[in-house]
1. At a Förster distance of 35 Å, what's the computed FRET efficiency of Asp164 paired with Lys49, Cβ-Cβ distance as r, to 0.05?
2. Each label point is 7 Å from the Cα along the Cα-to-Cβ direction; what then is the distance between the points at Glu138 and Asn114, in nm?
3. Quick one: length gained pulling Ser451 to Glu283 fully straight, 0.36 nm per residue minus the C-alpha distance?
4. Carbon and sulfur atoms: what percent of the 1.4 Å accessible area of the range 254-318 do they account for?
5. Sticking with the crude label model, points 7 Å out along Cα→Cβ, report the distance from Arg145 to Val328 in nm, one decimal please.
6. Consider a paramagnetic label point 7 Å from the Cα of Tyr315 along Cα→Cβ; state which residues of the range 250-270 have an amide N under 11 Å from it.
7. For the range 221-365, what size does the Cα cloud have along each of its three principal axes, sorted from largest down, in whole Å?
8. How big, on average over all directions, is the shadow cast by the Cα convex hull of the range 103-147, in nm²?
Amino acid sequence: MPKGNSSKLCAKDFGENFVWGVATAAHQIEGAYDKHNKGKSIWDAFSLKKGNIYQNQNGNISCDFYHRYKEDILLMKSMGIQNFRFSISWTRILPNGVGKINEKGIQFYNDVINFCLKCDITPWVTLYHWDLPQVLEEQGGWVNRKILEWFKEYVTVCAISFGDRVKNWMVLNEPMVFTGAGYFLGVHAPGKKGLKQFLPAVHHAVLCQAIGGRVLRSLVNNANIGTTFSCSQITPYSTKKKDIVAAKKADAILNRLFIEPSLGMGYPLQDVPVLKRILKFLEPEDKENSVFDFDFIGVQNYTREVVKHSFLVPYLRAKIIKASKRNVKKTLMDWEVYPPSLYNMIVHFNSYPNVKKVIITENGAAFTDAVIDNKIKDEDRKAYLEDCVKEVKRARGKGFKVDGYFVWTFTDNFEWAEGYYPRFGLVHVDFKTQKRRIKDSGFWYSRLITST
């Protein structure tokens, strides 16, 4: 690795037990979408429909991690990365969602886990990172209460198959995103829209994050169990009362909807009255069964949102003002570059008395990358990550619980509906040749996490 300093940041300043890592997701990197008996996921199906994905791209090959996992894990090792977060593809191990186990799928993840351990890299496994089996979606997916049993069966298979070596687990990845974008707005798989889809999907996801936790606790010795939440600092557009009320509603939906039921606080019904319609989906003991004592909460933050009152927006009467409309520095995702949001979300999740530990399980940025003389000088990404890590250091310095940081993401990948256009990786991927090149931000991160 090239020598250099990390602009006054040093890993030792965060303590010996602070966890540094990188994060990925199965559908975004694996490819091999139909290899070795893998079943079809909702993203495989969603990507087939023209207009759903940028330039009608898909994740059929992506980074080809399925065939190149050794190359990528060895690259991590060369960079000093000691913690690798990846997800398991539900359809790779249960092609029909339930029932017969695909031994070739189990073998693939065993190979990945074992090679990580051989390279002194600790695996951190996400159970559900959005790729629901299509066969289950055809029965209603997250809207069907049967998913409680489907998910329990899937988690049980994973815990039994991998729990002897995997001790760090995340149950769900960003349930607000996969329910909101997938079952309310329809811009993500499976492309459903409306409250009638969204509210039961939310409730079942809340129950599943607790179910998953209980299964892992019962089957995996010494498990470190968490789940992850997307979140953003919410700022009112003005000091007008209407904008302040709108911001409060947005905060309840984006930052509180999934964490509070898991802590026994129930849904934030008072701040968003339309949420009271979720009550009709509750059965006796659901409130109690939504609670699980997680060992850590995964915080995933990229930006802040500025929210304004809007009479035209149904239910919430609130809308997000895009970064491009506010004359601020932004990423390719049209997200404002605002690292203090990370600090403020650490503070927010620390405000819950029952949250034991916070880990930043995703943080990163997409900018335009250019390969010049076989190098990628991604100064904007490097600066963003550096400023965000400084916010983590600030939070720790003030006594807030935050005990790890995972960059999104290791390699450029398939970014859902945005396809391959936005690149978040520390490592550049040429999707035509599959050549990997460490970007300057990757070299910076390597120097930081190996500094003493």
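The values are calculated or read from the model by the stated rules, or taken from the named source; none is laboratory data. Quick caveat, the model's predicted, so the values are computed rather than measured. A quick note on method: Cβ atoms are made from the backbone with ideal geometry, for glycine too, and the neighbour counts reach across all protein chains shown. Quick note on the areas: whole protein, heavy atoms, side chains included, nothing else; ligands and nucleic acids left out. Shrake-Rupley method; radii C 1.70, N 1.55, O 1.52, S 1.80 Å.
1. Details: r = 41 Å, r/R0 = 1.16.
Once rounded, the FRET efficiency stands at 0.30.
2. Modelled inter-label distance: 3.5 nm.
3. On the way: separation 168, 0.36 × 168 = 60.48 nm, distance 5.23 nm.
Extra length from Ser451 to Glu283 when fully extended: 55.3 nm.
4. Numbers: 1680 of 3060 Å².
C and S atoms contribute 55 percent here.
5. 4.2 nm
6. The answer is 253, whose backbone nitrogens lie closer than 11 Å to the label point.
7. Principal extents (largest minus smallest coordinate, Cα): 50, 35, 23 Å.
8. On the way: hull surface 16.6 nm².
The Cα convex hull of the range 103-147, projected and averaged over all directions, gives 4.2 nm².
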